[in-house]
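Data block below; observations after.
The values are calculated or read from the model by the stated rules, or taken from the named source; none is laboratory data. Here the structure is a predicted model, which is why all the values come from computation and not from measurement. We place every Cβ from the backbone using ideal geometry, glycine too, and count neighbours over all the protein chains shown.
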Amino acid sequence: MLRATIFFIYVSSVASASETVGMPQLDPKSWVPQIFWLIITFSFLYIIISKIIFPRLSESIEQRNDYISDLIDEAKKLTEQTENLNKQYDNLIKNSNNQAQEIIINDRRKINIEFNKKQNLLNDKISNITMKAEEEIKNFHHNSIGQIKIIAKSITEELLKELSIKKMIDHKIISKNIEEICKKSIGNIN
Amino acid sequence: MDPKEIKEKIEKMKLDIEIKKMQTKNVSPLGQAMKMGTEFVAAVFVASFMGFYIDKWLETTPIFIIFFFIVGSVAGIFNVVRSSKMINKD
Amino acid sequence: MANPMKQFEVKTIGPKIEIGNFDVSFTNSSLFMLITVSLISIFLIITTQKKSLVPSRLQLLSELAYQFVAKMIAETAGSKARPFFPFILTLFLFVLFCNMIGMLPYSFTVTSHIIVTFALATFIFIGVTIIGFVKHGFGYLKLFVPSGVPIILLPIIVVIEVISYLSRPVSLSVRLFANMMAGHTMLKVFGGFVISLGFVGGWLPLGFSVALTGLEILVAFLQAYVFAILTCIYLNDALNLHH
């Protein structure tokens, strides 16, 4: 709507103006000098731009573009490098992790084996010692009866001697009695 | 700065450019309408001019001027369609 | 109310110069062409004097213009249009500066004259046509024969295509000229309203003038851009023949 109004105002004003003076643009007298000066000024500008401005601008812009593309290339290279390094680093970590795992497993196995060996050795030693001890005990047990008998015999003999019934000392009877007593007591003990 | 950030920035800039393009497309419907009108009028004008002089040359007024006026209108419509296609393509 | 068309009048400055039978006097139009060209030249030469890797603000401006045009050419005409880069850059800057200088009060808008824009457009049109024929020989005429058209319709289509092709300089020049003239006339009309309505009623057209000035600056840029990009498109047709 606004546009239409503006257009209407424009057309009517131009029309009324053209009626009074006419459009100066349509006066052929002004055409030739305008074309003449247009050719001169435009060619002058064209020569300046094509000979001076264009080479300067294109040079500086190309230079900058080259520089920028160089920088971009460098940045690309660097990113590649960092990516590679990253990969290497990852691999390194993975490998070392694996290695550590392996080492841990191996060590554990070794320790277990060593431990078992030591345990077995210890067990053997312990059983040896106990066996010896048991034997000693047995021996002792065995010997002790004989010794007790001897001691008892000597004690009884001493006793009888003290009691001075020297004549009546009969070794056989004493042994027999001691034997009986021993059997009784030891049987009780055992 | 790390590459991800740069990538994001580039994406953002691309988006901005797209938006700007969309905005400039609708910048001046008046100018476009004006352009279309000129396109049409110019074709009619040129065709009528040709018809007028052919008539003058062959002394067949008003056959050619009418014919060329019609053809010029068609050519004008062609022009308008073509330039509107060009605008839509951008 | 002052005549809004008066600003477009061409006045001779200084003595009358004639070459042969033609009057080529120096006019206000020529003066502003000279101003435009010298402004562009001085600006570009100063800003490109020091070629530093990290550009200064001024250097950045000219590089901005360079890259703007470079992108425009690359997107429309491709790498084959590289040799025409200086021409497109000149064209774009010339039209842009003419439009922008025309926005200053009491100045003259060179591009508001149909003959100037038409001369530029005709030069482009002829140049493009020559480039097309040099590149493709008579194969360039294929431009007028679109593929996939039945034989019966072919003659009329060819006529239409030829008219469409011939209308290029007209539409190119009329678009720029009409935009510039319309804007300046409207500014003048609203300016006149401000004066004639006085202190009481002049505020609304004043606001309108301000808004219009902003719009006109946009249009001045847009029209320079459109002029350059259409040149690129025509160049593309001539360089890479496909239809």
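To keep it simple, each residue is scored yes or no on (1) touching a Phe, Trp or Tyr at 6+ places or on another chain (Cβ under 6 Å); (2) within 9 Å of another protein chain (Cβ to nearest Cβ); (3) farther than 23 Å from A:LEU26 by Cβ.
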position: C:LEU141; (1), (2), (3): no, no, yes
position: C:ILE151; (1), (2), (3): no, no, yes
position: C:VAL159; (1), (2), (3): no, yes, yes
position: C:ILE163; (1), (2), (3): no, yes, yes
position: C:SER171; (1), (2), (3): no, yes, no
position: C:GLY198; (1), (2), (3): no, no, yes
position: C:GLY214; (1), (2), (3): no, no, yes
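Each row is one residue, and each column tells you yes or no for (1) farther than 24 Å from A:PRO28 by Cα; (2) in contact with a helix residue (DSSP H, G or I) (Cβ under 6 Å, 6 or more places away or on another chain); (3) of a type in the set (Gly, Ala, Ser); (4) assigned to a loop (DSSP other than H, G, I, E, B).
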| position | (1), (2), (3), (4) |
| --- | --- |
| C:SER41 | yes, yes, yes, no |
| C:ALA70 | yes, no, yes, no |
| C:ARG82 | yes, no, no, no |
| C:ILE88 | yes, yes, no, no |
| C:ASN99 | no, yes, no, no |
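For A:SER12, state whether it is surrounded by fewer than 16 Cβ atoms within 10 Å (Cβ to Cβ) and at pLDDT below 85. Give the derivation first.
Working: surrounded by fewer than 16 Cβ atoms within 10 Å (Cβ to Cβ): yes; at pLDDT below 85: yes.
Answer is yes for this residue.
Restricting the first residue to the stretch B:47-65 and requiring it to be without any contact (Cβ under 8 Å) to a residue 12 or more places away in the chain, which pairs with a second residue that is of a type outside the set (Gly, Ala, Ser) and part of a loop (DSSP other than H, G, I, E, B) meet a Cβ separation below 6 Å and a spacing of at least six or different chains?
B:ASP55/B:THR61
Which one is farthest from C:LEU235 (Cα to Cα) among residues in the stretch C:104-116 that are more than 10 Å from chain A (Cβ to nearest Cβ) and touching a helix residue (DSSP H, G or I) at 6+ places or on another chain (Cβ under 6 Å)?
Restricting to residues being more than 10 Å from chain A (Cβ to nearest Cβ) and touching a helix residue (DSSP H, G or I) at 6+ places or on another chain (Cβ under 6 Å), the top hit is C:SER107.
Just give me the residues in the stretch A:29-65 being basic (Lys, Arg) and either more than 7 Å from every other protein chain (Cβ to nearest Cβ) or not in a helix (DSSP H, G or I) (or both), in sequence order.
Just the residues of the stretch A:29-65 that are basic (Lys, Arg), to begin with: A:29, A:51, A:56, A:64.
Once the filter is applied, which keeps residues that are basic (Lys, Arg) and either more than 7 Å from every other protein chain (Cβ to nearest Cβ) or not in a helix (DSSP H, G or I) (or both), the stretch A:29-65 yields A:LYS29, A:LYS51.
Need pairs with beta-carbon distance below 6 Å; first residue at the interface with chain A (Cβ under 7 Å from one of its Cβ atoms) and part of a loop (DSSP other than H, G, I, E, B) and within the stretch C:5-26, second of a type in the set (Val, Ile, Thr) and exposed (fewer than 13 other Cβ atoms within 10 Å of the Cβ); sequence gap 6+ or separate chains.
none
Among the residues in the stretch A:134-147, are any surrounded by 10 or more Cβ atoms within 10 Å (Cβ to Cβ), under 30 Å from A:LYS183 (Cα atoms) and touching a residue at least 12 places away in the same chain (Cβ under 8 Å)?
Checked against the condition, which is being surrounded by 10 or more Cβ atoms within 10 Å (Cβ to Cβ), under 30 Å from A:LYS183 (Cα atoms) and touching a residue at least 12 places away in the same chain (Cβ under 8 Å), the stretch A:134-147 yields at least one hit.
Yes or no: C:LEU187 over 21 Å from B:VAL71 (Cβ atoms), at pLDDT 90 or above and surrounded by 15 or more Cβ atoms within 10 Å (Cβ to Cβ)? Spell out how you get there, then give the answer.
On the way: over 21 Å from B:VAL71 (Cβ atoms): yes; at pLDDT 90 or above: no; surrounded by 15 or more Cβ atoms within 10 Å (Cβ to Cβ): yes.
Considered against the rule, which asks whether it is over 21 Å from B:VAL71 (Cβ atoms), at pLDDT 90 or above and surrounded by 15 or more Cβ atoms within 10 Å (Cβ to Cβ), C:LEU187 comes out as no.
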